[in-house]
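The values are calculated or read from the model by the stated rules, or taken from the named source; none is laboratory data. In this text the structure is predicted, and so the values were computed from the model without any measurement. Glycine gets a Cβ as well: all are built from the backbone with ideal geometry, and neighbour counts include every protein chain shown. Side chains are part of the model used for accessible areas, which takes the heavy atoms of the whole protein and leaves out ligands, DNA and RNA. Shrake-Rupley method; radii C 1.70, N 1.55, O 1.52, S 1.80 Å.
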Amino acid sequence: MRRVIIYTALTLLTTALAIAALVFWWLNYSHRPTPESFQAKIAEYNQLIQAEIPEGSSSAQVMAFLGAHKIQHSELMTGLEDLDLTSDYRELALPRKDEIIKGYMHGILRDVDYGPLISWSVTMHFYFDRQDRLVAHSVKWVGTGL
């Protein structure tokens, strides 16, 4: 009986040490995104957007782009009362944006990168005028806890 207790205790101790070593490695040496990797990915998506759906593109073209690249997205939204809450509208550097922007759409590419406790996604916001033409876009990172 005493031998079973000793073997059980040794097994539990070994397992606890292995888990502690794994957690230590994961928190200190696992993959961590860098500011440079974030900027490179943002630049990549901005170039892709500018090449495939430049300003003046219709919302249908933007939706086709998002679908082709398997980016989850909303429909074109014209109710601008929630615009500040659901996008980066406040940060948008567009002269007379309150007069110009009459609709928006957002997209998200989930789990593009990861860190020890954070999953990083890329969010995209597209802004349209009265004629349903793209007038501005933004691409940013958003992190969520695992």
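Gain on full extension, evaluated as 0.36 nm per residue between Ser121 and Lys140 minus their Cα-Cα distance, stands at 6.0 nm. As a rough guide to protection, the peptides 95-102, 65-72, 14-21, 137-144 ranked by mean Cβ packing within 10 Å, highest first, stand as 137-144, 65-72, 95-102, 14-21. Taking 0.36 nm per residue of sequence separation and removing the Cα-Cα distance, the Arg3/Lys97 pair yields an extension gain of 26.2 nm.
Rounded to the nearest 20, the size of the Cβ-charge dipole of the chain about its Cα centre is 860 debye, with Lys and Arg at +1 and Asp and Glu at -1. Each label was represented as a point 7 Å from its Cα along the Cα-to-Cβ direction; for His69 and Ala40 these points are 1.8 nm apart. The per residue volume of the convex hull around the alpha-carbon atoms of the chain is 151 Å³.
The stretch between Ser58 and Val23, if pulled fully straight at 0.36 nm per residue, gains 7.7 nm over its current Cα-Cα span.
For the chain, lysine pairs separated by 8 or more sequence positions, or belonging to different chains, with Cα-Cα distances below 25 Å total 5.
The figure for His125 is an accessible area of roughly 20 square angstrom, using a 1.4 Å probe on the protein chains alone.
Take the Cβ atoms of Arg133 and Asp88, set R0 to 22 Å, and the FRET efficiency comes out at 0.65.
Share of carbon and sulfur in the accessible area of region 13-146 stands at 58%, probe radius 1.4 Å. Candidate membrane-span-like segments in the chain, meaning DSSP H helices with Cα atoms spread over at least 24 Å of their own axis and a Kyte-Doolittle mean of 0.5 or above, are 2-29, with no membrane implied. Structural descriptor for the chain: relative contact order 23 percent, calculated from alpha carbon pairs under 8 angstrom and at least 6 residues apart. Ranked by the mean number of other Cβ atoms within 10 Å of their residues, highest first, the peptides 41-54, 103-116 come out as 103-116, 41-54. Averaged per residue, region 27-146 has 59 square angstrom of accessible surface, using a 1.4 angstrom probe with ligands and nucleic acids left out.
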